[in-house]
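K.L.:
Handing you this structure, nothing more for now.
Quick note: the coordinates plus some simple rules give every number you see, no bench work behind them. Everything numeric here is computed off the predicted structure, so don't read it as measured data. So basically every Cβ, Gly included, is an ideal-geometry build from the backbone, and we count neighbours across all protein chains shown.
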Ligand SMILES: [Mn+2]
């Protein structure tokens, strides 16, 4: 018998029903994530053609997450025919942040080589605290002050610090939460150096750009961002990155958009936003499914129905 992935929501609800069970699972999640980090690094490199699903910002909407998970089955993940990449921003602003995050961590625990959780700026609290950041309040409301704050510490240390920053598939795609950094432009010798800085360890200023940047239709390389963190990156950045690192499509989240998705820079930067409903104005959310083994998967993404819509 095969079950759709919606069952991970039920697993998560069970885990969070008591502080004791969540605490002990958090240590397990920490082990799974650090194992994934040891095996794949901050920048995950894929080399196999498969079906790849990309899910944009969920921001605490269990309804939207369930709608995506309900379309896939465990046997797809088990056979390695399917890989799922979540682009970050699981928490803050939603009614079910803890449920969303725990669901994804349960899924990652069972399928560590098929499910990849990227860090969003809302999980990047160790570099810049985003606003709003109501996740700690959510934990306090649920588990009371002392237990709730302990839980928050555990989430930061066991989970947020161990999320991947990007996934890269040469001649195919680059996926990250915010956007392409401008500070390492033209200097980096490898995709790792470009996204992390050249020191070998992640440089906070570069990481902030990965988590916070947005594309802008401009022939300038970089402009200041109205967000107060990160930059706006123009076409020359996308030109250089796609050419230098052999990337057809940059896939990112971070920005709500009217239909749940949008293209920038001549179709080479795709924004995916999976959360529907208030406080965002988009009436549909979107996620992406591509099969990189089919030739020209990157052409006419829209017509090929690679972009799946979520309606509220
Ligand atoms: Mn974001």
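K.L.:
Gaussian network model of the chain, Cα springs within a sub-10 Å range: biggest mean-square fluctuation belongs to which of 235, 73, 299?
P.N.:
Judging by the Gaussian network model, the answer is 299.
K.L.:
Still on this structure, I have one more. Let me have the relative contact order for region 207-278, percent, based on Cα pairs under 8 Å that are six or more residues apart.
P.N.:
25 percent.
K.L.:
If I build a Gaussian network model for the chain, linking alpha-carbon pairs within less than 10 angstrom, which residue out of 112, 278, 236 has the largest mean-square fluctuation?
P.N.:
Among 112, 278, 236, the largest GNM mean-square fluctuation belongs to 278.
K.L.:
Next question. Go ahead and estimate [θ] at 222 nm for the chain from helices alone: -39,500 (n - 2.57) per DSSP H run with n ≥ 4, summed, over the residue count, rounded to 500.
P.N.:
About -10000 deg cm²/dmol.
K.L.:
Subtracting the Cα-Cα distance from 0.36 nm times the residue separation, let me have the gained length for residue 140 to residue 198 in nm, one decimal.
P.N.:
16.9 nm
K.L.:
Taking Cα centroids, how far is region 130-149 from region 66-109 in Å?
P.N.:
Between the Cα centres of region 130-149 and region 66-109 lies a distance of 22 Å.
K.L.:
If you don't mind, there's one more thing I want to ask. Which of 18, 114, 219, 274 comes first, and how do the rest follow, when ranked by fewest Cβ neighbours within 10 Å?
P.N.:
Taking fewest neighbouring Cβ atoms as first place, the list is 219, 18, 114, 274.
K.L.:
Arranged by the count of other C-beta atoms within 10 angstrom, fewest first, what order do 312, 243 take?
P.N.:
243, 312
K.L.:
Turning to a different aspect of this structure: Of all DSSP beta bridges located in the chain, what percent are antiparallel, nearest 5?
P.N.:
50 percent
K.L.:
Alpha carbon centre of region 231-280 versus region 5-38: separation in Å?
P.N.:
Measuring centre to centre over Cα atoms gives 30 Å.
K.L.:
Can you give me the Cα centroid spacing of region 49-63 and region 168-213 in angstrom?
P.N.:
For region 49-63 versus region 168-213, the Cα centre distance is 21 Å.
K.L.:
Here's a follow-up. Over the chain, what is the relative contact order in percent, taking alpha-carbon pairs closer than 8 angstrom and at least six residues apart?
P.N.:
19 percent
K.L.:
Which order do the peptides 75-82, 22-29 take when ranked by the mean count of other beta-carbon atoms within 10 Å per residue, highest first?
P.N.:
Listed from highest to lowest mean packing, they are 22-29, 75-82.
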